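Novice: I have a structure here, written as structure tokens, and I will follow up with some questions on it.
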Amino acid sequence: MNKGNRLLLIILTIGVFGIINTEMGVIGILPSIAEHFNVSVTKAGLLVSLFALIVAISGPTMPLLFSAINRKYVMLLVLGVFVISNTVSLLTTDFTVLLIARILPAFFHPIYCSLAFTVAASSVSEQEMPKAVSKVFIGVSAGMVAGVPIVSLINTVFSLQMAMTFFVVINAIIFVATLFFIPSMPVVKKLSYRKQLSVMAKPVLWVSIMAVIFLNASIFGVYSYFADYLITVTHMAPSLISATLFIFGGANIIGNIVSGRLLISRTTQTIFGFPLLLGVVYLIMFVAGQSTLAIMMIALVWGILAGGMMANINQYLIATTAPEAPDFANGLFISACNLGTTIGAAGGGLLLAGFNTSYIVFIGILSLIISLVVLLFRNAISKNDKLTAVSL
């Protein structure tokens, strides 16, 4: 990989971090936002839930609409929208204005992430694609996991305004870096909307989407309630809870590096081994959940599997199914992940309503069983499609 491609991947990785952090970072400061705007925490939670819902809805459509425009210009547009909306969020004193300022960038979120994966993959040879995409996923993992405690820490040490300024600064830095260091990237081969939408006729694509939904549900059905698990089951001290969450987040980055290499050298074993290994982790978690040391070790292994390997596997499953429409495929991937997160969190909540917190791992195990069945079905039907047979 040459120096120019390395710089490109670094900018894309930090850019994805800024976009994802805008979505997820507010989770750590919701109580402060509720207090500052004099609303309930439940109402403040709309800043997260509405953002995720809009991302899920706009995932397939927005990347498709912008697929024929120079990719550098589209990235600058998206980053500009994020800088402006985050600035408005920082300056406003009205919660309704804050909510609108959050909703607007959510429509553009899938565009940047989809382009980042596409550009990363096209910057290297076909054999190196999974490794290049895995580097960008480091930004996804950092934005989803590390961003929350970072923003929360800024809020605690300094102020809510400084925490929200962090959103502005990260996106502004990437806007400038994109403007000066990323070359013009016109779309050489423009695909019609009809051509891109035609991939939806592939049964294997729909099966891949189902696999991604349940794989993502297997993670977030458990992770959404992990902090509560650490309090009620493991009885951890607050400082150890923060340390455990940071271990999980750091392990995500390790998983991204490992999975990129494994998807190149051992594709089938990696894809089918993931749900089996994660199922074992959940069973150990259920048995040894009261041990602080055991849970911290589990967080390390779980983080490698969950945040790193799963994200790369999910993107790979859909992208290799529709290589002729990469932007649209990545948009479908983003929607499927968000839908899986919603289903997993809802399923975990229903399970907790009838059982104690230690049983939350079983929503993950159930999702893994379903995903494994779907993957087996995908493998069977992909043998009849030369484009997708190579993915498994």
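Novice: Sorted by mean Cβ packing within 10 Å, highest first, what order do the peptides 171-183, 62-74 take?
Specialist: Taking the mean over residues of other Cβ atoms within 10 Å, the ranking is 62-74, 171-183.
Novice: Let me ask you something else. Placing unit charges on C-beta atoms (Lys and Arg positive, Asp and Glu negative, everything else neutral), compute the dipole magnitude of the chain about its Cα centre in debye, rounded to 20.
Specialist: So the dipole magnitude of the chain works out to roughly 1060 debye.
Novice: Grab the Cα-Cα distance for Ile84 and Phe158, subtract it from 0.36 nm times how many residues apart they are, and report the gain in nm with one decimal.
Specialist: 24.4 nm
Novice: As a test of the formula, what do you get for the chain when each DSSP H run with n ≥ 4 contributes -39,500 (n - 2.57) and the sum is divided by the residue count, at 222 nm and rounded to the nearest 500 deg cm²/dmol?
Specialist: Helices in the chain give a 222 nm mean residue ellipticity of -25500 deg cm²/dmol.
Novice: For the range 155-207, what is Rg from Cα atoms divided by 2.2 N^0.38 Å, rounded to two decimals?
Specialist: 2.06
Novice: With every protein chain present, what is the per residue accessible area of the range 1-158 (1.4 Å probe, Å²)?
Specialist: Here the residues of the range 1-158 average 40 Å² of exposed surface.
Novice: Still on this model: How many nm is it between the label spots at Arg194 and Gln269, if each spot is 7 Å from the Cα in line with the beta carbon?
Specialist: With each label point 7 Å from Cα toward Cβ, the separation is 4.6 nm.
Novice: If you wrap a convex hull around the C-alpha atoms of the range 239-365 and split its volume per residue, what is the figure in Å³?
Specialist: 113
Novice: Continuing with the same structure: Once Rh is set to the Kirkwood radius over Cα pairs, what Stokes-Einstein translational diffusion coefficient, in µm²/s, holds for the chain at a temperature of 4 °C and a viscosity of 1.567 mPa s?
Specialist: The Stokes-Einstein estimate is 61 µm²/s.
Novice: For a quick size check, give me the Cα extents of the range 165-297 along its three principal axes, largest first, whole Å.
Specialist: 56, 44, 27
Novice: List the residue ranges in the chain for DSSP H helices whose C-alpha atoms run 20 angstrom or more along the long axis and whose Kyte-Doolittle average is 0.0 or above.
Specialist: Qualifying helices: 3-24, 71-91, 95-122, 160-181, 203-223, 238-265, 267-287, 326-354, 361-382.
Novice: Note down the relative contact order for the chain as a percent, whole number, built from C-alpha pairs under 8 angstrom at least six residues apart.
Specialist: Reported relative contact order: 25 percent.
Novice: For the range 50-161, what is the Kirkwood estimate of the hydrodynamic radius, computed as the reciprocal of the mean inverse distance between distinct Cα atoms, to one decimal in Å?
Specialist: Roughly 15.7 Å, rounded to one decimal.
Novice: Along the Cα→Cβ direction, 7 angstrom out, place labels at Tyr359 and Ile100. What is the inter-label distance in nm?
Specialist: Taking the two extended label points, one gets 4.6 nm.
Novice: Counting residues in the range 247-314 as N, plug N into 2.2 N^0.38 Å and put the Cα Rg over that result.
Specialist: Ratio of Rg to 2.2 N^0.38 Å for the range 247-314: 1.11.
Novice: Seen from all sides and averaged, what is the projected area of the convex hull of the Cα atoms in the range 223-285, in nm²?
Specialist: Taking a quarter of the hull surface, the average projection is 4.8 nm².
Novice: Using r as the Cβ-Cβ distance of Phe286 and Ile381, and R0 as 56 Å, what FRET efficiency do you calculate, to the nearest 0.05?
Specialist: 0.95
Novice: Moving on. Along the charge dipole of the chain, which of Gly59, Leu79, Ile69 sits closest to the positive end, that is, farthest toward it, with unit charges on the beta carbon of Lys, Arg, Asp and Glu (+1, +1, -1, -1)?
Specialist: Of the candidates, Ile69 comes out farthest on the positive side.
Novice: Taking the Cα centroid of the range 1-70 and of the range 248-304, what is the distance between the two, rounded to the nearest whole Å?
Specialist: 25
The values are calculated or read from the model by the stated rules, or taken from the named source; none is laboratory data. Since the structure is predicted, the reported quantities are computational estimates derived from the model, not experimental observations. Virtual Cβ from ideal backbone geometry, glycine too; neighbours counted across all protein chains shown. Surface accessibility is based on the protein's heavy atoms, side chains included, excluding ligands, DNA and RNA. Shrake-Rupley method; radii C 1.70, N 1.55, O 1.52, S 1.80 Å.
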